[in-house]
Amino acid sequence: ERIDLNSWRGKTVLFISAHPDDIEATCGGTVSLLTSQQINVHFLIATNGDKGCSNVLCKNMTDEQIAKIRRGEEVRAASILGVPSQNIHYLGYADSELIGVPSLVLQSRLVGIIREMKPVAIFTWYPYPQFDLKPLSMWGDLGYHPDHQYIGKVALDARGGAGVGRLFPERGAEYHTPFFFFVGFSKDKVSHFVDISTVIEPKTQSFLAHKTQYSDPNFIRNLVSLLGSHSAGLVNQSTIKYAETFLGYY
């Protein structure tokens, strides 16, 4: 089923991720289409990305230096997709250590943000490993990363908790988010899609803004094209060249 982004005009959409670059990789085209329709988009990023740097330039950097650089990269990437820096929210946890944060502590923070923003839709990681997405078959950590699965699970819990007034009453009045989507790359985990054929270039450019992660522009262009065409193949519509695919839960 095609997601009707136009129906969300004048409303807020929240993307909850684990790291800087997650949203660009999985939802960059969707974000670009949303902002082009004047839909208010916010990014919530749980970690500071301080452990993630594949570039040799980072070899002698401290974790704090990497985190600072990655925050700047995220601002540039989001700007390419039409998201202003004031709409990027960081929880500030250490990269790859998110599972050490008690789930109720993290859930409480997310509940407060959901109740404050009142998003019409939330997009986040699928909460369980997808072992069919092999690391050496272009998928990298898209199939499994402990931070990804943990934030997806807690985001799901927070979406439910935000709608129950007796839970975390100190976080504001209850609010129920109507639409909730997990990123999906496997056929059995896809129920909805967005045609991103017209915005594949801004998605690619937003990816390239994360220079600490991706030093080879040709690799990134090929990867974005492969991911988009793979997802397009899952929706069985011959007119769609590139897509982003999701599992709806609402």
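Got a number for carbon plus sulfur as a percent of the chain's accessible area, 1.4 Å probe?
Working: 6070 of 11100 Å².
Carbon and sulfur together cover 55 percent of it.
Where the convex hull is taken over the Cα atoms of the stretch 169-250, what is its projected area averaged over directions, in nm²?
Working: hull surface 32.0 nm².
Directional mean of the projected Cα hull area for the stretch 169-250 stands at 8.0 nm².
Which value, in Å², gives the accessible area per residue of the chain when a 1.4 Å probe is used on the protein heavy atoms? Walk me through the intermediate numbers first.
Values: 11100 Å² over 250 residues.
Computed with neighbouring chains in place, this is 44 Å² per residue.
Lysines near Lys134 by alpha-carbon distance under 18 Å, same-chain residues fewer than 8 away left out - which ones?
Partners found: Lys187, Lys189.
Return one quarter of the surface area of the convex hull spanned by the alpha-carbon atoms of the stretch 111-196, equal to its mean projected area, in nm².
Details: hull surface 26.1 nm².
With every direction weighted equally, the projected area is 6.5 nm².
How large is the helix-only mean residue ellipticity at 222 nm for the chain, computed as the sum of -39500 (n - 2.57) over DSSP H runs with n ≥ 4, divided by its residue count, in deg cm²/dmol to the nearest 500?
Helices in the chain give a 222 nm mean residue ellipticity of -12500 deg cm²/dmol.
How much net charge surrounds Leu234 when only the other residues with a Cβ under 14 Å from the Cβ of Leu234 are counted, with Lys and Arg +1 and Asp and Glu -1?
So the surrounding residues net to -1.
Ratio of the stretch 1-127's C-alpha Rg to 2.2 N^0.38 Å, to two decimals?
Details: Rg = 15.1 Å, N = 127, 2.2 N^0.38 = 13.9 Å.
In units of the 2.2 N^0.38 Å rule of thumb, it is 1.09.
Taking the mean number of other Cβ atoms within 10 Å as a proxy for protection, how do you rank 59-69, 116-126 from highest to lowest?
116-126, 59-69
Using +1 at the C-beta of Lys and Arg and -1 at the C-beta of Asp and Glu, which of His89, Gln37, Met61 has the Cα lying farthest in the positive direction of the dipole of the stretch 1-143?
Farthest along the dipole direction, towards plus: Gln37.
What fraction of the DSSP beta bridges in the stretch 120-247 is antiparallel, stated in percent and rounded to the nearest 5?
Working: 6 of 10 bridges.
So the antiparallel bridges in the stretch 120-247 amount to around 60 percent.
Determine by what factor the alpha-carbon radius of gyration of the stretch 27-92 differs from 2.2 N^0.38 Å, reporting the quotient.
1.24
Packing-wise, with mean Cβ within 10 Å as the measure, how do 153-166, 20-33 rank, highest first?
My ranking of the peptides, most packed first, is 20-33, 153-166.
Find how much the distance from Arg76 to Ser186 grows on full extension, using 0.36 nm per residue of separation minus their present alpha carbon separation; answer in nm with one decimal.
Net length gain for the segment: 36.6 nm.
Let me know the volume per residue of the alpha-carbon convex hull for the stretch 75-115, in Å³.
Hull volume normalised by residue count: 90 Å³.
Using only the alpha-carbon atoms of the chain as identical scatterers, what base-10 log of I(q)/I(0) does the Debye formula give at q = 0.09, 0.10, 0.15 Å⁻¹?
Debye output, listed in q order: -0.35, -0.44, -1.05.
So which cysteines in the chain don't have a second cysteine's C-beta under 4.7 Å from them?
Within the chain, the cysteines lacking a partner Cβ under 4.7 Å are Cys27.
Check every DSSP H run in the chain and write down those whose alpha carbon atoms cover 30 angstrom or more along the long axis and whose mean Kyte-Doolittle hydropathy is 0.5 or greater.
Helices meeting the criterion: none.
Please compute the contact order of the chain in relative form: average sequence separation of alpha-carbon pairs under 8 Å and at least six residues apart, divided by the residue count, as a percent. List each step's numbers first, then the result.
Details: 477 pairs, mean separation 62.6, N = 250.
Over the chain, the number comes to 25 percent.
The values are calculated or read from the model by the stated rules, or taken from the named source; none is laboratory data. Keep in mind the model is a prediction, meaning the values are calculated, not measured. Reconstructed Cβ throughout: ideal geometry from the backbone, glycine too, with neighbour counts over all protein chains shown. Each accessible area value is taken on the protein alone, full model and side chains, heavy atoms only, with ligands, DNA and RNA left out. Shrake-Rupley method; radii C 1.70, N 1.55, O 1.52, S 1.80 Å.
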